[in-house]
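Derivation of every value follows stated rules applied to the coordinates shown; laboratory data play no part. Just so it is clear, the structure is predicted and the values come from calculations on it, not from any experiment. Heads up, the Cβs are rebuilt from the backbone with ideal geometry, glycines too, and the neighbour counts pull from every protein chain shown.
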Amino acid sequence: MSFAENLAEIEDRILKACQKAERETRPELVAVSKRQPDERIEAALAAGVRIFGENRVQEAQERWATRREKYPDLKLRLIGPLQSNKSEDAVALFDTIDVLDRPKLARTLADAIQKLGKSPEILVQVNTGEEPQKAGVLPGELEAFLTETCPDFGISPVGLMAIPPAEEPPGPHFALLAKLAARYDLKQLSMGMSGDFETAILYGATHVRVGSALFGERDY
Ligand SMILES: *Cc1c(COP(=O)(O)O)cnc(C)c1O
């Protein structure tokens, strides 16, 4: 199938999930372009896609730095783990950083924001499954992170992001993330990928991050 056909199918599935959830506002579709070949990126741009997710700063710079000039309405989101020494590059390139997950990163992002005079939107990643190998603030530590750590550094997150454990049903994780976002009055809920975006929409996702279902398999 062509990119445009994949896109039409995903948009249709998003619409149906919104109808099922009796939602009036549709979530934004974040096209996850990591490790995709150039021709698919160009096809996505030609089809009108403007919101892209990337999981590595350097790869994103290579892919987007020059394309940004041609497409001033692009919105780039960083959805993969960020090393604190890449904070400045990340703040320079991305419109939204979905992955703030620790105090040290709050500090280096705050420094970069001040130095560059540019403030991307920031979401806090939550490790809803409390998986040792996974990034994210633990649910039990979120309150202190949002009410002490972030304000200490002058950072005001606009939402929460999570990746549920691969081997569990995602619904309870999405429900937990939605509950936490409501508790702290955070507007953005970045949740749902190719395999579970419809479930995420039922639980209130405002941004679904879809890669392989849209572009095809990635190049590993
Ligand atoms: C790669 C990735 C996605 C997209 O995954 P697909 O299963 O290909 O849709 C979404 N979110 C994050 C954080 C990712 O790293």
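Values as computed for the structure displayed
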item: Cβ-based exposure ranking for E9, E22, E28, in which fewest neighbours within 10 Å come first; result: E22, E9, E28
item: Spin-label model distance (nm) - E5 vs E42, 7 Å beyond Cα toward Cβ; result: 2.1
item: Rounded FRET efficiency, nearest 0.05, which uses the C-beta distance separating R23 from R67 and R0 of 25 Å; result: 0.20
item: Separation in nanometres of the label points that stand 7 Å from Cα toward Cβ, at L15 and R107; result: 5.0
item: Low-density loop positions, trypsin sites (Lys or Arg not before Pro), segment 79-178 - DSSP coil, at most 10 other Cβ in 10 Å; result: none
item: R218-D95 FRET efficiency (beta carbon distance; Förster radius 30 Å; 0.05 resolution); result: 0.85
item: Kyte-Doolittle mean at least -0.5 and Cα axial length at least 24 Å: DSSP H helices in the chain; result: 3-20
item: Cβ-based net charge around A166, under 11 Å, with every Lys or Arg adding one and every Asp or Glu removing one; result: -3
item: In nm, spacing of pseudo-spin labels at E168 and R50 (7 Å Cα→C-beta vector); result: 3.8
item: Relative contact order of segment 3-215, defined on C-alpha pairs under 8 angstrom at six or more residues apart (%); result: 21
item: Alpha-carbon centroids, segment 131-195 and segment 38-115: separation in whole Å; result: 20
